[in-house]
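Engineer: My structure is below; once you've seen it, I'll send some questions.
The values are calculated or read from the model by the stated rules, or taken from the named source; none is laboratory data. Since we're looking at a predicted model, the values are computed, not measured. Glycine gets a Cβ as well: all are built from the backbone with ideal geometry, and neighbour counts include every protein chain shown. The protein model used for the area step is the full one, side chains on, heavy atoms only, and it has no ligands, DNA or RNA in it. Shrake-Rupley method; radii C 1.70, N 1.55, O 1.52, S 1.80 Å.
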Amino acid sequence: PEDCAVFQCRGCRAVLGDSLHLCAQEERRLGLLVCLRVTRDVTCEEPQLIGLEGALLGCTFNALSCRSCGLTVGFVLYSAFSDLAYLRGFFCFFKDSILCYLLKNQMIIEASKVKFPALSLKE
């Protein structure tokens, strides 16, 4: 419970998920929080998109958006090269698009400034 947080949309503060379903924290290129489950306030958009630049170049994914305000908050990877393959099928939130409500401190902080215990899907 000390490290528990609720993930909120940066645009409207709708609850998108929580740290109990956090699978990984990826800092390298994408700045992601990777979750196994999300709330009903997250919409998985159709159709699938293809990354044309950056870290998702050549990857196929569905964008995740906030049901309340429409802000794009992340993606679900469908196909990827081997370096990102471990993210397929998980809900990947962009840290820049979400806020964290820390339960212990009862305060809201930018997700990019929060460090959760080390978790890695690669292992």
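Engineer: Using a basic spin-label model with each label point 7 Å from the Cα along Cα→Cβ, how many nm lie between Glu46 and Asp3?
Structural biologist: 3.8
Engineer: Counting pairs of alpha carbon atoms under 8 Å apart in space and at least six apart in sequence, what relative contact order in percent does the chain give?
Structural biologist: Taking the mean separation of contacting Cα pairs over the length of the chain, I get 28 percent.
Engineer: To continue, here is another question. Let's test the formula: R0 of 30 Å, r as the Cβ-Cβ distance of Leu103 and Phe81. What FRET efficiency results, to the nearest 0.05?
Structural biologist: The value I calculate is 0.20.
Engineer: With a 1.4 Å probe and all protein chains left in place, how much accessible area per residue does the chain have, in Å²?
Structural biologist: Computed with neighbouring chains in place, this is 57 Å² per residue.
Engineer: Tell me, which longest segment in the chain has none of the trypsin sites (Lys or Arg not before Pro) that fall in DSSP loops with at most 11 further Cβ atoms within 10 Å?
Structural biologist: Free of exposed loop sites, the longest segment is 41-103.
Engineer: For the chain, which semi-axes, largest first and in whole Å, follow from the square roots of 5 times the eigenvalues of its Cα gyration tensor?
Structural biologist: 23, 17, 11
Engineer: Using 0.36 nm times the number of residues separating Ser68 and Arg13, minus their current alpha carbon distance, what extension gain do you get?
Structural biologist: Gain on stretching Ser68 to Arg13: 18.9 nm.
Engineer: Sticking with this structure for a sec: For Leu20 and Phe116 in one chain, what is 0.36 nm times their gap in residues minus the Cα-Cα distance, to one decimal in nm?
Structural biologist: Here the answer is 33.5 nm.
Engineer: What percentage of the solvent-accessible surface of region 5-113, computed with a 1.4 Å probe over protein heavy atoms, is contributed by carbon and sulfur atoms?
Structural biologist: Carbon plus sulfur share of accessible area: 53 percent.
Engineer: Taking the Cα centre of region 5-113 as origin, sum charge times position over the Cβ atoms of Lys and Arg (+1) and Asp and Glu (-1), and report the length of that vector in debye to the nearest 20.
Structural biologist: 300
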